[in-house]
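Working notes for the structure below.
The values are calculated or read from the model by the stated rules, or taken from the named source; none is laboratory data. All figures in this text were calculated on a predicted structure; none of them were measured in a lab. Neighbour counts run over all protein chains shown; Cβ positions are idealised from the backbone, glycine included. Ligands, DNA and RNA are stripped out before the accessible areas are found, and what is left, the full protein with its side chains, is counted by its heavy atoms. Shrake-Rupley method; radii C 1.70, N 1.55, O 1.52, S 1.80 Å.
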Amino acid sequence: MPLFLIKFFIYSSPKKSFLVQCFPHKKMHEQVLKSKPKGVEPNEGSASIATSSESVVDALKVKEWEVGMFHNEVAATQGIRIRRRPPTGPPIHYVGPFEFRLENEGNTPRNILEEIIWNKDIELKERKPIGMIRKDLEKAPPVRDFIGALRAANERTGLPGLIAEVKKASPSRGILRENFDPVEIAQSYEKGGAACLSVLTDEKYFKGSFENLELIRNSGVKCPLLCKEFIVDAWQLYYARSKGADAVLLIAAVLPDLDIKYMTKICKLLGLTALVEVHDEREFDRVLGIEGVELIGINNRNLETFELDISTTKKLLEGERGKIIRERNIVMVGESGLFTPEDIAYVQEAGVKAVLVGESIVKQSDPGKGISNLFGKDISV
Ligand SMILES: O=P(O)(O)OC[C@@H](O)[C@@H](O)c1c[nH]c2ccccc12
């Protein structure tokens with residue numbers, strides 16, 4: 001069907017208001033992007049949200065939403081087990097004159113990742129209006145080249161570029177470091193040869209904060225910064241950039257394809273790098289089906305069960321998938337559970353050009369020296 005007919009079909013649909021409800025952010029982004037944040041040059045060709053044949057496919061997907069598929073149903077068709085928080089309480093049952101609700105019936109998170117996501121939905125209710133963020137965006141420091149820094153480090157050392165994580169705690173490991181000074185740790189990482197830093201901003205489960213991100217950005221540290229947050233709404237992308245982030249994490253176990261597609265486009269408009277995280281073949285294939293993804297992380301930790309297995313990185317990069325990665329020149333990141341030079345060599349052999357490491361280095365009294373221990377040599381020179 002010709003493009004203009006499809007467009008007409010959607011825009012003239014009587015269910016248009018439903019479409020607007022599903023994509024309320026679409027209008028918002030157009031408004032926010034009318035004023036270009038300082039220091040951000042939108043990539044060529046990305047100024048309009050969708051282009052030619054791609055927009056036909058997108059339009060059809062939007063139509064799919066429009067005819068009544070809701071988030072959790074769409075997500076489930078893509079193998080996503082993480083549901084979004086139900087807006088109302090549990091369903092009501094009626095027996096004769098009585099009505100009752102059962103606990104644990106769609107209203108209780110099934111695992112830790114789902115719990116974190118539901119909590120994020122609640123936190124986001126308190127968010128600043130987007131108009132206020134527009135002003136902060138204008139004041140935000142210029143974006144730094146996250147992928148460029150990883151590639152340069154890889155070429156310089158012959159080892160994977162390091163994204164060193166400023167991480168105080170995690171639900172699986174508890175408190176990792178008691179005397180936690182985020183700026184001191186960041187400076188020590190940079191001195192020790194980290195190419196980029198990852199800063200956890202989730203407060204409730206990881207004891208991180210956006211304040212830490214801002215403090216590090218204003219401390220003189222030069223490394224590009226990844227905002228390590230659970231992103232469920234495009235609003236968070238603007239917020240992360242306004243706080244000085246150069247990159248954000250998009251988790252494929254949480255976000256359906258259309259969200260990843262849309263969010264990566266907004267990232268490009270804001271100058272942010274999207275690190276798209278996968279942890280199994282299905283997620284990897286979904287992400288490979290999305291145009292414009294340049295940085296993919298393989299998380300060796302299953303965020304639903306906390307199981308850790310570094311052979312996940314190897315398994316996912318074998319065969320056809322590894323070939324596609326090389327052809328497209330995508331930078332792969334091995335994430336989680338890396339403790340020794342042997343672990344680093346193992347994931348490098350599997351095909352990664354970068355690694356994301358938290359626990360093994362943040363626990364050291366001198367985190368910068370921890371980097372030398374992790375790589376088996378001083379990578380700062
Ligand atoms: O501390 P580790 O095992 O070195 O892991 C770091 C990083 O990979 C991990 O924190 C992480 C990877 N993906 C995430 C998503 C959300 C929260 C945390 C993470």
Quick one: which residues, 5+ away or cross-chain, put their amide H under 5 Å from the amide H of E277? H built at 1.01 Å from N. L250, I251, A252, G297
At 1.4 Å probe size, with no ligands or nucleic acids counted, give the accessible surface of I251 in Å², nearest ten. 10 Å²
Residue-normalised accessible area of segment 251-381, expressed per residue, 1.4 Å probe, Å²: 38 Å²
Could you put R144, R328 in order of accessible surface area, largest first, with the 1.4 Å probe and the full protein assembly present? R328, R144
Just subtract the alpha-carbon distance of K191 and R81 from 0.36 nm times their residue separation and send over the number in nm, one decimal. 35.5 nm
Note down the accessible area of K204, probe 1.4 Å, to the nearest 10 Å². 120 Å²
Nonlocal amide H pairs with A169, under 5 Å, H built at 1.01 Å: L176
Under a point spin-label approximation (7 Å from Cα along Cα-to-Cβ), what is the N72-F306 distance to one decimal in nm? 2.5 nm
Under a point-charge model restricted to the Cβ atoms of Lys and Arg (+1) and Asp and Glu (-1), what is the dipole moment magnitude of segment 126-375 relative to its Cα centre, in debye to the nearest 20? 680 debye
Quote the accessible area belonging to M132 in square angstrom, nearest 10, computed with a 1.4 Å probe and with ligands, DNA and RNA left uncounted. 90 Å²
Computed label-point distance, nm, for sites F98 and R156 using a 7 Å Cα→Cβ extension: 6.9 nm
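In segment 126-375, what percent of the accessible surface is made up of carbon and sulfur (1.4 Å probe, ligands and nucleic acids excluded)? Before the final figure, lay out each step's value.
Working: 4370 of 9380 Å².
Result for segment 126-375: 47 percent of the exposed heavy-atom area is carbon or sulfur.
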How far is it, in nm, from the label point at E203 to the one at I324 when both lie 7 Å from their Cα along the line to the Cβ? 4.0 nm
